[in-house]
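Enquirer: After the structure tokens below, expect a handful of questions from me.
Every read-out reported here was derived from the displayed coordinates using simple, explicitly stated rules and does not represent laboratory data. Every value quoted in this text rests on a predicted model; they were computed, and no experiment measured them. For neighbour counting, all protein chains shown are included, and Cβ atoms are generated from backbone atoms with ideal geometry for every residue, glycine included.
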Amino acid sequence: MSRIEETIAMDRRRFMRAAIGGGALLALGGSVLLPKLFAAENMPVGKPGNVLLEIYGDDGRDLGAKQVPKLVLTDAQWQQRLSPASYEVMRRDGTERAFSGDHEKPGQPGIFRCAACATALYDAATEFDSGTGWPSYWKPIAARNVIQNRDSSFGMDRTAINCAGCDSHLGHVFDDGPRPTGLRYCMNSVALKFVPRTTS
């Protein structure tokens, strides 16, 4: 029996004990109102399946495109996997406070990976100081590794960027970046993990 099945069975037993002992069953129109046995935090968030990602080694080598399982977890599992700050940004579409995280370009080559699933997202060589207080890049390491979605929250029309490997929110992309692309991928520090380039 899986952990989720055990939790559901335990919730069911608790409810039945309370219902029998205290007469807690409520009838409306001949139907019995039962608690939600499948709480939202125990349901998978997203649709399982494979996703085509560009795979990069920690030495910076492009290992080619590969179909890999998309990381799909329950809300409770996401909260266990991520820090509170990362969870708020990546799973609740939040934004960290400007200048509150690591936003300076590292002094060594490396790759910025998704803090949730380790998908390669940005090469440190493409980071630039945007003066905004958030890590900024003029292009992703591979277009297929990020997903663009329209974001019309707060009365603004923006393009949100999510990780293709787990659909976690990373930040937004704007068209006020430097050459050669003219783009600024403005990311949240807590959504990224810098991995220094290894030598083979």
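Enquirer: Under unit Cβ charges (Lys, Arg +1; Asp, Glu -1), what dipole magnitude, rounded to 20 debye, does the stretch 44-196 have relative to its Cα centre? Intermediate results must be reported in sequence, preceding the final value.
Expert: Details: 17 positive and 18 negative charges, 78 e Å.
Roughly 380 debye, rounded to the nearest 20.
Enquirer: Restricting the calculation to Cα positions, tell me the Rg (one decimal) and the Dmax (whole number) of the stretch 53-114 in Å.
Expert: Values for the stretch 53-114 (Cα only, Rg and Dmax): 15.0, 37 Å.
Enquirer: Then there is this: Using per-residue counts of other Cβ atoms within 10 Å, averaged over each peptide, order 163-169, 46-52, 81-87, 189-195 from highest down. Don't skip to the end; give the middle numbers.
Expert: On the way: 163-169: 23.6, 46-52: 11.1, 81-87: 16.7, 189-195: 20.9.
The packing order, highest mean first, is 163-169, 189-195, 81-87, 46-52.
Enquirer: Provide the descending list of Cα extents for the stretch 44-196 along its principal axes, expressed in whole angstroms.
Expert: 40, 39, 25
Enquirer: If r is the Cβ-Cβ distance from ALA98 to LYS193 and R0 is 25 Å, what FRET efficiency results, to the nearest 0.05? Could you put the intermediate results ahead of the total?
Expert: Values: r = 20 Å, r/R0 = 0.80.
Calculated transfer efficiency: 0.80.
Enquirer: For the residues MET90, MET43, what sequence is obtained by ranking on other C-beta atoms within 10 Å, fewest first?
Expert: MET43, MET90
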